[in-house]
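J.: I'd like to ask you about the structure that follows.
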């Protein structure tokens, strides 16, 4: 009989457990106290107290990206819920399954501008896949089940569950049986129109002379990286990977052309521009990838595998679209392919640079910006190349923030299992890296986890260092510190005649700040210190922070100027010039 | 902004949606029209059942844009059906649309 007297808050926790949730990220407040009271007594649910609700959303996002499960965040009503918004929009843009549970003022005062009341359901409509305002405790079990199902199916995304305080305290009948939400069965066979579309793609590829596969995050989401690899290897198909698809196909693979788009490689961008067939797998042809649509891949017939029909043709209109989950549609393509890619196409591809910046090979002198024994600051390129090196070498996962370091890391990473490269690709949210890494590390404790952030983004959410310490999360935190909002400065240098308006940053001594939080921290000011410092951070038993001072004015290349075709990229022989030591 | 006029190259079309009556359902439909810059000429809503609304929209915009937006509307969780080309109401996949199909 006890079960029959359960509250709505109990039903929320029961729903979370039923969905397999074990870790959730949140911050309490008045309107969600009944749920926190029940949570406190639930030994199966681990609550991580963040210091700001935005971090709760990013941590849930990071947890979801790293594990493939639904991430969960909690906040109270009003300001607490509103602080989630940036995180929810980040998750929506990158198709990350997150369930956000918010407290709401009691139903009898809703609409009266009560203390800490906000219309969070209304305000999150454009940035969530769906939202529920739960009007009675009895609805809770079904809403929880539906929220998780909506979040993780089709194109995944964030779902809001808004819980008035009296719903949390109200009586909810126990649901001993799993709640059945109708629909959503996985079809065993492809619908005929999808079969036909797959056959059309196969014909395109079999007749192609200059084919390219473009791979996005959909491959990671659908767990089809192995299928893709087999397909590419069997037919020697060249593969480009978008920023969010970097961990779907390793750049170290001989078939990889690297990343396309604004800061993509010459090989990837020029291959797209000369291709006669492009097959997109789980990507949305973002404007940072395509440049002006009118000049994108002018010779190519384009096919797209996509789960969301509404996303087809939003920028690039494909000649063929295959609608459905890649887990079903991609395996159907494999047996229909016969042709291998002509060697002439590969010889042409290999004539273009795969690397963003030259690498020293054995027997060669090091690059000119890296003289041995110097006492100068490392460049951002050197710092991120060294970081990518240790991340690759140790099989770590990495969360990057937004800006120059994000592009350098994307250009330099060679390896990476699916779900190991976390970055805010669509929304470009500064402040993402630290809390996302926190979530990723708690979700995947078997992996070493790095945070790579710039000094600008790091200062947006650095309060979460306290959470890292409290939860004893062994994050390796590297701040690539150039004393600027680096990408803003780069654009001001290149496109605003060098007028650095509000892009110079004065920051604290980050190593001292790290130590104030109880995190062993060091400042790196010389290029030759890099390798040792990274080894030290990697070997640290708990969290460790490196404030890596880098050359202040350095640009990310290659770069496609805004408005230009991606074939018109500007390559640079080097990432920056040596700068005397002394700090940015 | 929901604009009330379509350009000379645009054509108007009427859509009818059967929508589950839950908080935010109508706003979610309108939000998509606003975000995707589809022009809305008229909007009417009638109750079809205790939990169901019928929303009629007269929309303008480029045909390709309208088609994508229509797909997006049909993918909404609370959109349960829409009129086909001959005015017959047909259910969306699983009552939840392809956006959420597994």
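The numbers here are math on the coordinates, done by the rules we state, and not lab data. Since we're looking at a predicted model, the values are computed, not measured. As a convention, Cβ positions derive from the backbone with ideal geometry for all residues, glycine included, and neighbour counts pool all protein chains shown.
J.: Hey, fewest Cβ within 10 Å first, where do A:479, B:19 land in order? Spell out each step's value before the answer.
T.: On the way: A:479 34, B:19 24.
Arranged by neighbour count, lowest to highest, A:479, B:19 become B:19, A:479.
J.: Same structure, new question: How are the Cα pair distances of the range B:13-87 distributed, in percent, across 5 Å bins from 0?
T.: So the P(r) values, bin by bin, are 3, 16, 31, 29, 15, 5, 1, 0.
J.: Percent of Cα-Cα pairs per 10 Å bin, from 0 to the last occupied bin, for the range A:523-572, please list those.
T.: P(r) for the range A:523-572, in whole percents per bin: 21, 30, 22, 22, 6.
J.: Now for a different question. For chain A, what does -39500 (n - 2.57) per DSSP helix run (n ≥ 4), summed and divided by total residues, give at 222 nm, in deg cm²/dmol to the nearest 500?
T.: Working: 23 runs with 205 residues, N = 584.
For chain A, the value works out to -10000 deg cm²/dmol.
J.: Still on this structure: Once each part is reduced to its C-alpha centroid, what is the distance from the range A:389-432 to the range A:468-530 in angstrom?
T.: Centre-to-centre distance over Cα atoms comes out at 16 Å.
J.: Let me ask another. Kindly provide the Kirkwood hydrodynamic radius of the range A:1-106 in Å, to one decimal, from all pairs of distinct alpha carbon atoms. Don't skip to the answer; put the middle values down first.
T.: On the way: mean 1/r = 0.0725 Å⁻¹.
When all Cα pairs of the range A:1-106 are included, the Kirkwood radius is 13.8 Å.
J.: If R₀ is 25 angstrom, what is the calculated FRET efficiency for the pair residue A:209 and residue A:350, using the beta carbon separation as r and rounding to 0.05?
T.: Details: r = 16 Å, r/R0 = 0.64.
So the FRET efficiency works out to roughly 0.95.
J.: Still on this structure, I have one more. For residue A:236 and residue A:469 in the same chain, what is the full-extension length gain: residue separation times 0.36 nm, less their Cα-Cα distance, in nm? Could the numbers behind the result be given before it?
T.: Details: separation 233, 0.36 × 233 = 83.88 nm, distance 4.72 nm.
Separation in residues times 0.36 nm, less the Cα-Cα distance, equals 79.2 nm.
J.: Counting DSSP beta bridges in chain A, what percent are antiparallel, to the nearest 5? Could the numbers behind the result be given before it?
T.: On the way: 5 of 68 bridges.
Taking every DSSP beta bridge with both residues in chain A, the antiparallel ones total about 5 percent.
J.: For q = 0.22, 0.31 Å⁻¹, what log10 I(q)/I(0) does the range A:33-84 give under the Debye formula with an equal point scatterer on each alpha carbon and no solvent?
T.: With one equal scatterer per Cα and no solvent, log10 I(q)/I(0) is -0.89, -1.17.
J.: Using Cα pairs closer than 8 Å and at least 6 residues apart in sequence, work out the relative contact order for chain A, in percent. Could the numbers behind the result be given before it?
T.: On the way: 1377 pairs, mean separation 83.9, N = 584.
Relative CO of chain A lands at 14 percent.
J.: Given a cut-off of under 8 Å on Cα pairs at least six residues apart, what relative contact order in percent is computed for the range A:419-518? Don't jump to the answer; show the numbers that get you there.
T.: Numbers: 114 pairs, mean separation 24.2, N = 100.
24 percent.
J.: Would you calculate the volume per residue, in Å³, of the smallest convex hull containing every Cα atom of the range A:9-63? Let's see the in-between values first.
T.: On the way: hull volume 4.1 nm³, N = 55.
Hull volume over Cα atoms, normalised by residue count, gives 74 Å³.
J.: Fewest first, what order do A:263, A:47 take by the number of other Cβ atoms within 10 Å?
T.: Working: A:263 23, A:47 17.
Starting with the residue having the fewest Cβ neighbours, the order is A:47, A:263.
J.: While we're on this one: Where does the range A:192-349 land on the Kirkwood hydrodynamic radius, alpha-carbon pairs, in angstrom? Don't jump to the answer; show the numbers that get you there.
T.: Details: mean 1/r = 0.0664 Å⁻¹.
By the Kirkwood definition, the hydrodynamic radius is 15.1 Å.
J.: Another one. Could you put A:129, A:69 in order, starting from the residue whose Cβ has the fewest other Cβ atoms within 10 Å? Please list the in-between numbers first.
T.: Working: A:129 27, A:69 18.
The fewest-first ordering by Cβ neighbours comes to A:69, A:129.
J.: What is the extension gain from residue A:504 to residue A:42, computed as 0.36 nm multiplied by their sequence separation minus the C-alpha to C-alpha distance, in nm to one decimal?
T.: Additional length available on full extension: 161.6 nm.
J.: Under 20 Å from a point placed 7 Å out from the Cα of residue A:223 along the Cα-to-Cβ direction: which residues of the range A:305-335 have their backbone N that close?
T.: Inside the label zone: A:306-308, A:324-334.
J.: Can you bin every Cα-Cα distance in the range A:32-185 into 5 Å intervals starting at zero and give me the percent of pairs per bin, rounded to whole numbers?
T.: Whole-percent P(r) values from 0 Å outward: 2, 10, 19, 23, 22, 15, 8, 1, 0.
J.: In vacuo Debye scattering of the protein assembly as shown, one point per C-alpha: log10 I(q)/I(0) at q = 0.11 Å⁻¹?
T.: Those come out to -1.19, one per q.
J.: Once you put a point 7 Å from the Cα of residue B:13 and another 7 Å from the Cα of residue A:173, both along the Cβ direction, what distance in nm separates them?
T.: Result: 4.4 nm between the two label points.
J.: How far apart, in nm, are the 7 Å Cα→Cβ label points at residue A:495 and residue A:252?
T.: 3.6 nm
J.: Can you compute the FRET efficiency between residue A:108 and residue B:20 using 1/(1 + (r/R0)^6), with r the Cβ-Cβ distance and R0 = 22 Å? Round to the nearest 0.05.
T.: 0.35
J.: How big is the range A:387-456 along each principal axis, measuring the range of its Cα positions in Å and listing the largest first?
T.: Cα extents, longest axis first: 28, 24, 21 Å.
J.: Pop a pseudo-label 7 angstrom from the Cα along the beta-carbon direction at both residue A:299 and residue A:516 and give the gap in nm to one decimal.
T.: Placing both labels 7 Å along Cα→Cβ, they lie 5.9 nm apart.
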